[in-house]
1. List the number of the failed condition for His75; all other conditions in (1) under 17 Å from Leu154 (Cα atoms); (2) out of contact with any Lys or Arg (no Cβ under 8 Å at 6 or more places or on another chain) hold.
2. Can you name every residue in the range 109-123 that is within 12 Å of the ligand (Cβ to nearest atom) and acidic (Asp, Glu)?
3. Any residue that is in contact (Cβ under 8 Å) with a residue 24 or more places away in the chain, under 20 Å from the mean Cα position of the chain (by Cα) and under 18 Å from Leu154 (Cβ atoms) - is there at least one of those in the range 15-27?
4. Pairs only if they're at least six apart or on different chains, beta carbon under 7 angstrom, first in the range 86-108 and within 11 Å of the ligand (Cβ to nearest atom) and assigned to a loop (DSSP other than H, G, I, E, B), second modelled with pLDDT of 95 or more and not basic (Lys, Arg); list them, first residue then second.
5. Could you tell me how many of the residues in the range 186-214 are surrounded by fewer than 19 Cβ atoms within 10 Å (Cβ to Cβ) and either farther than 19 Å from His75 by Cβ or of a type in the set (A, V, I, L, M) (or both)?
6. Does Phe215 qualify as being among the hydrophobic types (A, V, I, L, M, F, W, C) and within 16 Å of the ligand (Cβ to nearest atom)?
7. Could you figure out which of (1) under 16 Å from the mean Cα position of the chain (by Cα); (2) over 30 Å from Arg50 (Cβ atoms); (3) loosely packed, with under 15 Cβ neighbours inside 10 Å isn't true of Arg250?
8. Being surrounded by fewer than 17 Cβ atoms within 10 Å (Cβ to Cβ), more than 27 Å from Leu212 (Cβ to Cβ) and aliphatic (A, V, I, L, M) narrows it down to one of Val49, Val93, so name that one.
Amino acid sequence: MNTADLSYKVTSTEDEDKQTFLQKQGEIPKHIAVIMDGNGRWAKSRGSVRIFGHKAGVDSVRDITEACAQIGVKHLTLYAFSTENWGRPKGEVSALMRLLVQSLRDETRKLDENDIRLVSIGELDRLPPTCRQELEDAKELTAGNSRMTLCLALSYSGRWDICQAVKTISQKVKEGELLPDEISDELISGHLATSGFPDPDLIIRTSGEYRLSNFLLWQSAYSELFVTDIYWPDFRRDELYRAIESYQNRERRFGKVPSRMDVDESSVALH
Ligand code: FPP
């Protein structure tokens, strides 16, 4: 395959128009994080085994990565394997690990060709050695890229992330490197696995469940949530655009009042 074949192309003028419309209409979220759910149900609804759904899910990963890069998202984080997923049947876990290795082998050159940096968060020591190696190779190859960062959350959970940050911070306090009073929001954020990334602006969850499922618990404090009934293998760029449009129509207040109400109320009588 020659490298020119690997660069992202405009899929259709209609798609290009949708991207341009969203870019003009409002802010494109800098960081989108996705809870990819429903692979098993998608497969079951087709009378097939669960891994068939995970395999089909790789096509959605490819399309969403490409669309995010084209529209100008800077960080895309995908919840690919949670700490809790280790509790699934052995056969499903090993099939998922093989699928990850195969996907990295098949897709890394394309990511690199399109200036996408691959990173990962999670307890990577628990991954099988071939998987770790493939991931390391992909990260190394794409380390210098800057168009978008694709972050795979693997063997990840929000509570694990917070625990490992607390352990590091306590060690620093114990060694006198840090005073307890110096512990702040920013300091904690800087010790999480996502250190250096902006918090997710938008978290998308597929398959209709209204839960965070232990994903980016600290980082999601002010994320906008978008839940769709669509199963992950059917989630493609048009639904992504709907999520972005919904995000653009919301007013993010971060606990404050809307800007148009920003008046001095100290003199207003309460009765
Ligand atoms: C959740 O669906 C999905 C997963 C646990 C795995 C996600 C993996 C992929 C999309 C494929 C590989 C990913 C990459 C990044 C190459 P589920 O199995 O919980 O579905 P269910 O709730 O319907 O059972």
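The values are calculated or read from the model by the stated rules, or taken from the named source; none is laboratory data. Values in this document were obtained by computation on a predicted structure and should not be read as measured data. Reconstructed Cβ throughout: ideal geometry from the backbone, glycine too, with neighbour counts over all protein chains shown.
1. For His75, the exception is condition (2).
2. Those that are within 12 Å of the ligand (Cβ to nearest atom) and acidic (Asp, Glu): none in the range 109-123.
3. No, that holds for no residue.
4. Note: no pairs meet the criteria.
5. Of the residues in that region, 9 qualify.
6. Details: among the hydrophobic types (A, V, I, L, M, F, W, C): yes; within 16 Å of the ligand (Cβ to nearest atom): yes.
So Phe215 passes the test.
7. Going through (1) under 16 Å from the mean Cα position of the chain (by Cα); (2) over 30 Å from Arg50 (Cβ atoms); (3) loosely packed, with under 15 Cβ neighbours inside 10 Å one by one, Arg250 breaks only (1).
8. Details: Val93 fails: more than 27 Å from Leu212 (Cβ to Cβ).
On inspection, the qualifying residue turns out to be Val49.
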